[in-house]
Amino acid sequence: MERHLRAALLFALSAAAVGGSGAAIACDNKPVAPLDRDDAGADALEEPDVPPPPPKAEPGRHDVTVTDTRRIVPGPGLPPEAPPGNSNNNLDVIRFDGRVWLAWRTAPDHFASDKTRMFVVSSADELTWRFEKAFSAGTDVREPRMLVVSGALFLYLAELGTDAIKFEPKGIFYSKRAADGSWSDLAPVMRAPAGDAGAPAPMTGYIAWRTKDDRGTPFMTAYAGGEHIYQFDGVPLDIELLTTTDGITWRGVDPNRPVVSRGGGSETDFALSDDGTLFGIIRNEAGDATGAGSKVCRAPASDLATWTCKTDPKKYDSPLMFWHDGEAYLVGRRQVTATGNYDLGTRDANFQSSIIGFQLDYRRTPKRCSLWRYVQSEDRIAYLLDLPSKGDTCFASKLETNNPDELVLYNYTSDPDGKELTWAEGQEGPTYIYRHVLRFTKR
């Protein structure tokens with residue numbers, strides 16, 4: 001009943017957002033051309049009793065297999081100070097000081113709640129975990145990201161509201177771990193203005209999607225304006241590519257041009273090739289003049305702030321990208337329908353009405369957490385395999401191992417051995433965190 005009430009409320013808000021004559025048509029007020037018929041989705045009806053088969057796998061340099069899967073949360077190795085709730089989803093893992101560190105969000109369900117907590121635990125063997133810290137803010141906290149800067153471990157998280165049917169980003173906050181094991185109180189992450197023209201200011205309204213260190217350079221992808229995704233008002237979002245020297249104040253990789261994309265994009269990640277070329281993915285959930293779904297992007301090593309993108313009608317939610325032995329890989333949510341498309345190819349007179357239709361359709365279909373690769377010669381995404389997953393799933397994070405042919409992925413999911421669930425059903429929980437070992441065998 002609660003699930004259906006939320007869906008009804010979402011629909012009511014959607015209708016109100018586009019009901020007036022002044023509603024925006026697209027992020028830059030340009031018309032959007034229909035997709036070709038081959039790309040248009042005919043999957044906007046009820047989900048099938050038996051999900052359609054996955055796309056054909058298109059391996060590149062490697063055959064990839066999942067050799068081990070193990071549930072971590074809930075699990076017998078967790079400390080009593082970190083009791084999991086019904087929903088265990090947004091997460092990050094990192095190696096630091098000889099241990100694996102795991103941060104995750106636990107809450108009554110997938111939606112915003114003042115009962116949300118963020119736990120941090122660490123382990124020497126990924127079997128028995130030591131309690132490190134619990135964070136709460138009396139509001140929703142999510143999107144944990146960990147990064148080592150100048151030898152210190154930082155945790156970044158987003159604070160949001162408490163209304164379960166709204167997405168209300170309040171900004172990015174950090175806590176820094178001291179040498180004695182204590183953690184600083186949450187404080188705002190700062191951003192230097194473009195061209196360093198003025199004093200740094202808190203990143204109010206931003207979401208940090210990914211932090212990573214690549215060859216000694218710390219990076220953050222962050223987006224601003226996320227509240228507009230579900231207000232259906234056509235206001236564009238900005239995606240920024242940032243770096244830092246102290247973990248607290250961030251500025252553009254190109255200080256004069258921090259924004260790498262403006263439009264319907266939000267969650268964004270990238271991988272750098274051996275020669276420094278950037279291969280990226282942008283979730284284009286809100287839609288813009290290019291369409292909706294995702295943007296498949298690249299940038300030259302000499303100018304990482306200039307992204308050139310192609311449109312993909314699929315939406316790779318909660319993307320993780322990484323470079324491995326000549327390939328750029330992507331882990332993201334897969335829409336389990338005949339085409340897998342988020343953008344179904346329909347275009348109402350008001351484009352935001354089309355986006356609402358895509359969103360509602362997306363909620364009532366099953367999902368998987370899947371591995372893909374970036375086809376560099378064509379700038380497109382190719383499917384490889386599904387991780388054990390169902391319902392509400394993905395938000396992957398990666399660990400290197402001592403074996404150069406193996407990687408560890410953590411992700412969350414509804415019970416992968418349970419019944420088939422729509423995404424909306426899975427969001428009510430329970431959800432769990434799993435650890436997977438992936439083996440890459442050269443072809």
Task: Cβ pairs under 7 Å, 6+ apart, first in the range 190-202 and on the phi > 0 side of the Ramachandran plot, second among the charged types (D, E, K, R) and not in a loop (DSSP other than H, G, I, E, B) - done: D196/R251
Task: In the range 127-175, the residues that are touching a Leu at 6+ places or on another chain (Cβ under 7 Å), acidic (D, E) and surrounded by fewer than 18 Cβ atoms within 10 Å (Cβ to Cβ) - done: E168
Open item on the list: Looking only at residues that are in contact with a Phe, Trp or Tyr (Cβ under 9 Å, 6 or more places away or on another chain) and part of a strand (DSSP E or B) in the range 419-437, which one is farthest from V331 (Cα to Cα)?
Closed with: Y432
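Looking only at the range 141-167, count every residue that is charged (D, E, K, R) and modelled with pLDDT of 95 or more and tell me the total. Spell out the reasoning first.
Pass one, the range 141-167, residues charged (D, E, K, R): 142-143, 145, 159, 163, 166.
Retained after the next criterion (residues that are modelled with pLDDT of 95 or more): 142-143, 145, 159.
Residues that pass the stated criteria total 4.
Being more than 19 Å from the chain's Cα centre (by Cα) and among the β-branched types (V, I, T) is the filter; apply it to the range 131-151 and report the residue that is farthest from L91 (Cα to Cα).
My answer is V149.
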TODO: Return the only residue of T243, T204 being outside any loop (DSSP other than H, G, I, E, B), β-branched (V, I, T) and surrounded by fewer than 22 Cβ atoms within 10 Å (Cβ to Cβ).
DONE: T243
Task: Candidate set from the range 41-63 (those that are small (G, A, S) and surrounded by fewer than 17 Cβ atoms within 10 Å (Cβ to Cβ)); member that is modelled with the lowest pLDDT - done: A42
TODO: Among what's in the range 305-344 and is assigned to a strand (DSSP E or B) and either of a type in the set (F, W, Y) or at pLDDT below 95 (or both), pick the residue that is surrounded by the fewest Cβ atoms within 10 Å (Cβ to Cβ).
DONE: W323
Task: Which numbered condition S353 misses (of (1) of a type in the set (S, T, N, Q); (2) closer than 18 Å to T277 by Cα; (3) touching a residue at least 24 places away in the same chain (Cβ under 8 Å)) - done: (2)
Open item on the list: Return the residues of the range 225-236 that are touching a residue at least 24 places away in the same chain (Cβ under 8 Å) and under 19 Å from the mean Cα position of the chain (by Cα); say none if nothing qualifies.
Closed with: G226, E227, H228, I229, Y230, P236
Task: Test: residue in the range 249-260 that is part of a loop (DSSP other than H, G, I, E, B), among the acidic types (D, E) and in contact (Cβ under 8 Å) with a residue 60 or more places away in the chain - done: no
Open item on the list: Just checking, does the range 152-166 include any residue being free of Cβ contacts under 8 Å to residues at least 12 places away in the same chain, closer than 30 Å to G332 by Cβ and in a loop (DSSP other than H, G, I, E, B)?
Closed with: no
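So that you can scan it fast, the table gives a plain yes or no per residue for (1) within 24 Å of G426 (Cα to Cα); (2) under 19 Å from the mean Cα position of the chain (by Cα):
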| position | (1), (2) |
| --- | --- |
| D109 | yes, yes |
| S122 | no, no |
| W129 | no, no |
| L155 | no, yes |
| E159 | yes, yes |
| G181 | no, no |
| S184 | no, no |
| M190 | no, no |
Task: Cβ-Cβ under 8 Å pairs, at least 6 apart or on other chains, the range 375-399 side on the phi > 0 side of the Ramachandran plot, far side among the aliphatic types (A, V, I, L, M) and modelled with pLDDT of 95 or more - done: D379/V296; G391/L421; C394/V331; F395/L91
TODO: Kindly indicate whether S302 is surrounded by fewer than 24 Cβ atoms within 10 Å (Cβ to Cβ) and either over 18 Å from the mean Cα position of the chain (by Cα) or within 19 Å of L371 (Cα to Cα) (or both).
DONE: yes
Open item on the list: Restricting to the range 359-370, name every residue that is surrounded by 23 or more Cβ atoms within 10 Å (Cβ to Cβ) and not charged (D, E, K, R).
Closed with: P366, C369, S370
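The values are calculated or read from the model by the stated rules, or taken from the named source; none is laboratory data. Remember, predicted model here, so these are calculated numbers, not experimental data. Note: ideal-geometry Cβ built from the backbone for every residue, glycine included; neighbour counts use all protein chains shown.
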